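Since the structure comes first, as structure tokens, the remarks are kept for the end.
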Amino acid sequence: MQIEIMTTGGTIDKVYFDAKSSFEIGAPQIGEVLGDANLTIDYQITPLLRKDSLDLNDIDRELIKKTVTESSAEKIVITHGTDTMIKTAEYLRGIAGKTIVLTGSMQPARFRFTDAIYNIASAITAVQLLPEGVWIAMNGRVFDPAKSQKNVEMNRFEIKP
């Protein structure tokens with residue numbers, strides 16, 4: 001079973017340059033994270049975008065959807081910024097024959113203390129176990145995008161009240 005991992009940018013790939021917290025989206029970090037984890041699964045990485053999720057638009061989401069639809073993989077993980085992850089997940093709803101899991105992080109993968117590694121591991125596991133559909137793996141949980149929200153104050157994803 002091959003897993004295709006598509007990268008779109010977001011905090012997970014951010015690189016900070018100075019004390020003013022100036023940043024840009026760098027090269028996808030997931031290859032390094034997965035290499036360090038010594039995984040024995042079959043996967044390929046497809047870099048799509050290098051954008052903060054607040055800068056993603058429907059043209060970008062259409063590119064993501066087209067790439068997912070045309071992929072030969074049935075299991076797909078998408079790294080994505082957390083601010084609009086739910087919107088993109090909803091955009092992907094209805095793609096038949098695919099299990100799609102979006103994940104990201106609140107801190108860049110390059111940081112010593114980051115949730116990126118855990119969220120990536122959760123997404124890789126989830127995509128292998130979940131049924132067809134679109135899911136979000138964040139903060140140790142798997143969410144239905146239609147029933148989830150990002151709690152900015154608590155810096156986490158949760159089920160809508």
Amide H contacts of residue 26 (H built 1.01 Å from N, under 5 Å, at least 5 apart or other chain): 14, 15
Calculated FRET efficiency for the pair residue 74/residue 111, C-beta based, R₀ 35 Å, to 0.05: 0.60
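Per-residue ellipticity at 222 nm for the chain, helices alone: DSSP H runs ≥ 4 residues times -39500 (n - 2.57), over residue total, nearest 500 deg cm²/dmol?
Value at 222 nm, helices only, nearest 500: -8000 deg cm²/dmol.
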Estimated vicinal HN-Hα couplings, Hz - the stretch 140-152 in sequence order (Karplus 6.51, -1.76, 1.60; Gly, Pro = x): x, 10, 10, 10, 7, x, 5, 10, 10, 8, 8, 9, 5
Extension gain (nm, one decimal) between residue 38 and residue 59, 0.36 nm per residue minus Cα-Cα: 4.0 nm
Using θ = phi - 60° and Karplus 6.51 cos²θ - 1.76 cosθ + 1.60, couplings along the stretch 103-113 (whole Hz; Gly, Pro as x): 8, x, 7, 8, 10, x, 4, 6, 6, 4, 9
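Using DSSP H assignments, which helices in the chain have an axial alpha-carbon span of 15 Å or above and a mean Kyte-Doolittle hydropathy of 1.0 or higher? Walk me through the numbers before you get to the answer.
Values: long enough: 58-70 (17 Å, -0.82); 116-129 (20 Å, 1.35).
Helices meeting the criterion: 116-129.
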R0 of 22 Å, Cβ-Cβ distance residue 125-residue 87: FRET efficiency to nearest 0.05: 0.35
Cut-off under 5 Å, modelled amide H: who pairs with residue 115 long-range: 106, 107
Length released on extending from residue 152 to residue 67, taking residue separation times 0.36 nm less the Cα-Cα span: 27.6 nm
Pairs from 14/150; 66/160; 75/147; 65/150; 14/147; 65/87 whose Cα-Cα separation, in the structure shown, is over 24 Å: 66/160; 14/147
Under-5 Å amide H pairs with residue 156, H placed in peptide plane, nonlocal only: 151
Within the chain, longest stretch clear of exposed chymotrypsin sites (Phe, Trp or Tyr not before Pro) (DSSP loop, no more than 14 other Cβ within 10 Å): 18-110
Cleavage-rule hits, trypsin sites (Lys or Arg not before Pro), the stretch 61-148, DSSP coil, Cβ neighbours within 10 Å at most 10: 112
Contour excess over end-to-end distance, with Cα ends at residue 27 and residue 160 and 0.36 nm allotted per residue: 44.6 nm
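Just so you know, all these numbers are worked out from the coordinates, no wet-lab data involved. Bear in mind the structure is a predicted one, so any value in this text is a computation, not a measurement. Don't worry about glycine lacking a Cβ; one is built from the backbone with ideal geometry, like all the others, and counts go over all protein chains shown.
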